[in-house]
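Single-structure report; data block below.
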Amino acid sequence: MAISVFDLFKVGIGPSSSHTVGPMRAAYLFCQQLKHRDILKQTATIKTDLFGSLGHTGKGHGTDKAIILGLSGYQPDAIDPDIIDGILNQVNKQQSIEISAQLKIAFNYKKHLKFHKRKTLPLHSNGMRFVAYDGDDNELLSKDFYSVGGGFIISHNKLAQKEIVEDATNLPFPFKSGEQLLALCQTNKMTIAEIMYANEKTWFNKRSINKQLDNLWQVFKACVERGLNSPGELPGGLKVKRRAPELFQSLRNKPQAALRDPLTILDWVNLYALAVSEENAAGGRVVTAPTNGAAGIIPAVLHYYYHFCPEANIQGIRNFILTAGAVGMLYKENASISGAEVGCQGEVGVACSMAAAGLAAACNESPEHIENAAEIAMEHNLGLTCDPIGGLVQIPCIERNAMGAVKAINAFRLASRGDGSHWVSLDKVIKTMKITGQDMQSKYKETSRGGLAVNIIEC
Ligand code: SF4
């Protein structure tokens, strides 16, 4: 499967790529299919059933809101986060959803949206079923979708697979493993970023690639900026206070402290990660990198590169994103980027690995050093479980992003001080991560039935 780096890094809204972005896209697509089959006009109601992890933690992750927004014709990359509350309030007040300019359908939250905690659809732990009915309660169309992480969705419907998941494009430099990627770099004397540029040219010209990469950087920056300047409490009932604004003030007000303590740089890295993760938890605009739960790591390490690495420049940022994308594709292709499938190692672990590789690329390390950095970062995230308290992407997720960002920088530093040779290859660690995820009990995979989620009392 050929995927573009811009499929992996998608602009969307928080708090979860698999539980918010994916379901919103699926709901939108279901309405498109009704339209495509010319049965939209006959539709009187749409029932949505959420299974597995979506059934367990969908409420805390905003899946219900995402479904309503998707059915209302909004897509995660285009919606203005500031209008979301207004739309939801209106749906609640009017007990109807406007699925097109001419059509409103009845919508009762309890009747038309069901969270199934004990049922799972066969192919994946994040299953959804949409069923459309006419005015006499006759079924018009039923579709199952799976949200497989990072905002990607899979449907049995061929049209959906073609439009959203499958892309049979022949790439000039196809790779499915880290070994193949390194071989391509050696044979063609190219960097990983150059390989990625060449592959992206299948879909876009170089100007457009740079424009999209620069746009991602702008969204990353805007998200950090908003997070730094948005004090208050996060939604969801845990009463978690946003920490980034206060930390920002204290770092800005005491610059002389940084001269005494060189590790102040880590405070800044933590700050960037907290800012983005808090923005994500608040339902703000973020980039799936490769998921929303782990969305703070890559922007935090990019900001570290931009502000603290000598000779940082825009080409370094582009190389960072492309190389991180190459590593993310390896995980997506050979393991998983879904917390519901393999635990948090698939989200924070993968983001950490991608960021370590990206930083190494931005700092002009060799492909071997980059592969080594990516491997180290994942090796020390193996077994990381997903156990969000109250099903909210807040505790441990927000701090975990800060830890992941710092770990990525250290993985890069460990790799860059070596000669590129190492015992465990990236491919081996990806395979280990997948097997570890399969062996992990389901209560540790985004169900909030294990770990911190059951050992900390919600107040
Ligand atoms: S614990 Fe990790 S995988 Fe689970 S919701 Fe939080 S960030 Fe995502």
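The values are calculated or read from the model by the stated rules, or taken from the named source; none is laboratory data. Nothing here was measured: the structure is a model prediction, and the numbers come from that model. Cβ sites come from the backbone with ideal geometry, for glycine too, and all protein chains shown count toward neighbours.
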Among LEU171, LEU184, which is outside the structural domain of LEU392 (by TED's automatic domain parsing) and under 30 Å from SER421 (Cβ atoms)?
LEU171
Can you pull out the residues in region 266-301 that are more than 13 Å from the ligand (Cβ to nearest atom), more than 17 Å from ILE395 (Cβ to Cβ) and outside any loop (DSSP other than H, G, I, E, B)?
LEU266, ASP267, TRP268, VAL269, LEU271, TYR272, ARG285, VAL287, ILE298, PRO299, ALA300, VAL301
Please go through (1) part of a helix (DSSP H, G or I); (2) within 16 Å of the ligand (Cβ to nearest atom) for GLY316 and return the number of the only condition it doesn't satisfy.
(2)
By residue number, the members of region 105-127 that are at pLDDT below 95, assigned to a strand (DSSP E or B) and of a type outside the set (S, T, N, Q) are GLY127
In region 128-152, anything under 25 Å from GLY349 (Cβ atoms) and either outside the structural domain of GLY55 (by TED's automatic domain parsing) or surrounded by 24 or more Cβ atoms within 10 Å (Cβ to Cβ) (or both) is listed as TYR146, SER147, GLY149, GLY150, GLY151, PHE152
From LEU88, LEU54, which residue is surrounded by 23 or more Cβ atoms within 10 Å (Cβ to Cβ) and not in a strand (DSSP E or B)?
LEU54
Mind checking which residues of region 427-447 are farther than 30 Å from PHE115 by Cβ and within 21 Å of the chain's Cα centre (by Cα)?
VAL429, ILE430, LYS431
Run ARG413 past the list (1) farther than 25 Å from ASN280 by Cβ; (2) touching a residue at least 24 places away in the same chain (Cβ under 8 Å) and report the number of the one that doesn't hold.
(2)
Those helices (runs of 4 or more DSSP H) lying entirely in region 329-445 with at least 1 residues more than 13 Å from the ligand (Cβ to nearest atom) and surrounded by fewer than 24 Cβ atoms within 10 Å (Cβ to Cβ):
367-379, 397-416, 426-439
In this structure, does LEU216 turn out to be in a helix (DSSP H, G or I), touching a residue at least 24 places away in the same chain (Cβ under 8 Å) and within 30 Å of CYS386 (Cα to Cα)?
yes
Here are some residues: PHE175, PHE204. Which one is among the aromatic types (Phe, Trp, Tyr) and in contact with a Leu (Cβ under 6 Å, 6 or more places away or on another chain)?
PHE175
